[in-house]
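Colleague: The structure is given below, and queries will be raised subsequently.
The values are calculated or read from the model by the stated rules, or taken from the named source; none is laboratory data. Because the structure is a prediction, the values reported are computed rather than measured. FYI the Cβ positions are ideal-geometry reconstructions off the backbone, even for glycines, and counts take in every protein chain you see.
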Ligand SMILES: Nc1ncnc2c1ncn2[C@@H]1O[C@H](COP(=O)(O)OP(=O)(O)O)[C@@H](O)[C@H]1O
Ligand SMILES: N[C@@H](CCOP(=O)(O)O)C(=O)O
C-alpha cells in the first residue's frame, strides 16, 4: 500500500460527509444514539474525498484533529474499512486515492471513529454502485466500530449513517428505528480537549446488572421513548437518566455533577455524557438557552486548544454526498 503525505488540495471526484453522534443519549446505553450538526452550518463531522482511481490505495489526512490520529496511515480506519468492504463485496475493486478531513476529535465521545467508518463505508458503497444493502452496510460499520471500541454497538454508526435519533431494535432485521424529536430542542456538545478512549471507558462498566437494575433501565428507556411518541416533553426530560454507565464513569469525569447542578440552576433541561465521554451534551429547550449553556461550558469545561463547544440541532440527513 502506497502512502504519501500530499495530494493536490481541493480536487476530487466525489466528496462525502458523515455527522458527529452522541451514543446512549443518557437513557439508552448502547441502544440509543443521535446525530447532530451545528446550527451555524459548520461541518462537524468527517469528510472523505475520493480523489482518483489508481494502482494502489493512498490516504492523505487533513483537518483540525489530524494530530490525534495514528502517525502511520496504514492504521487508519478508512483503509481498514476499504479492505473490509472489498472482502464483503467478494471481488477486487479499483484502488483509490483518498483524502480524509478529520474534523472530529478522537477519543472524544462524539463518535469520531464511527464517523470515519460511516463516511468511508458510505462513500465506497455509493462510489462502486451500491453493491451492499443498507442493512449489510450498517452491519459492516458496526463490526468495524466493535473492533476499536471493544464491543459491537450500533448507537454511533446508526445515527451517523441514517441521521436522527435512532433506537436499536435487538433481533430485528430492521436493526434500528428513527424516533420522534422535539423540533425546538437544541443540543450543546462540549468537548474539553482531553482524550478518553472508548475501550477504557467500557472497561469500567459493570459486567452484570441485578434484576432490579435491569427493570429500572428497561423502564426508564421505555418511559423516554413513550414520552416522545406522546409528545410529552416534561416526561421525556425527566426520563433522561443514565442508570447503567454514568455511575461507573463519573469518576472519569469528576466535573459532571458540579456542571450539571450549575446548568440546572440556569434552567437547562439536562446535562449528560456524550457516548463514553469526555464530551458532555446539554439538552436545551431553545436557541437562547443553548447559547447560555454553550457560554457556560466554554468557560468552565474547555481545557486546551483542542477543545470545542458547538450549538447543534438534530442532523436529519446523516451520511451523504456533498
Ligand atoms: N479515522 C479515524 N478516526 C478516529 N479514530 C481512528 C481513525 N483511524 C484510527 N483510529 C483509531 O481508533 C481509535 C478510536 O478511539 P475511540 O476511543 O473509539 O474514539 P471515539 O470514541 O472518538 O470514537 C483510536 O485509537 C484512533 O487512533
Ligand atoms: N455506547 C457506547 C458509545 C461510545 O461512544 P463514543 O463516541 O465514546 O465512541 C459507550 O457508551 O461505550
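Colleague: Condition first: farther than 13 Å from residue 193 by Cβ and assigned to a helix (DSSP H, G or I). Now tell me which residues in region 275-299 satisfy that.
Modeller: Of everything in region 275-299, those that are farther than 13 Å from residue 193 by Cβ and assigned to a helix (DSSP H, G or I) turn out to be 287, 288, 289, 290, 291, 292, 293, 294, 295, 296, 299.
Colleague: Let me ask something additional. Restricting to region 83-105, give me the number of residues that are more than 12 Å from ligand 1 (Cβ to nearest atom) and either in a helix (DSSP H, G or I) or touching a helix residue (DSSP H, G or I) at 6+ places or on another chain (Cβ under 6 Å) (or both).
Modeller: Residues that pass the stated criteria total 8.
Colleague: Right, next: For a quick check of your reading: which helices (runs of 4 or more DSSP H) sit entirely within region 226-269 and have at least 3 residues that are more than 16 Å from ligand 2 (Cβ to nearest atom)?
Modeller: Here the list reads 233-238, 256-265.
Colleague: Going by the conditions given, is residue 72 over 17 Å from the mean Cα position of the chain (by Cα) and exposed (fewer than 15 other Cβ atoms within 10 Å of the Cβ)?
Modeller: yes
Colleague: Output the residue which, of all residues in region 108-139 that are buried (at least 20 other Cβ atoms within 10 Å of the Cβ) and out of contact with any helix residue (DSSP H, G or I) (no Cβ under 7 Å at 6 or more places or on another chain), is farthest from residue 197 (Cα to Cα).
Modeller: Only one residue fits best here, namely 123.
Colleague: Let me ask something additional. Step by step: first the residues of region 234-243, then only those that are surrounded by 15 or more Cβ atoms within 10 Å (Cβ to Cβ) and more than 19 Å from the chain's Cα centre (by Cα), then the one that is nearest to residue 202 (Cα to Cα). Which residue is that?
Modeller: 243
Colleague: Which of the following residues is at pLDDT 95 or above and under 16 Å from the mean Cα position of the chain (by Cα): 168, 220? Before you say what the answer is, go through the steps one by one.
Modeller: Working: 220 fails: under 16 Å from the mean Cα position of the chain (by Cα).
It is 168.
Colleague: Does residue 67 satisfy the criteria of being within 21 Å of residue 198 (Cα to Cα) and either more than 9 Å from ligand 1 (Cβ to nearest atom) or at pLDDT 95 or above (or both)?
Modeller: yes
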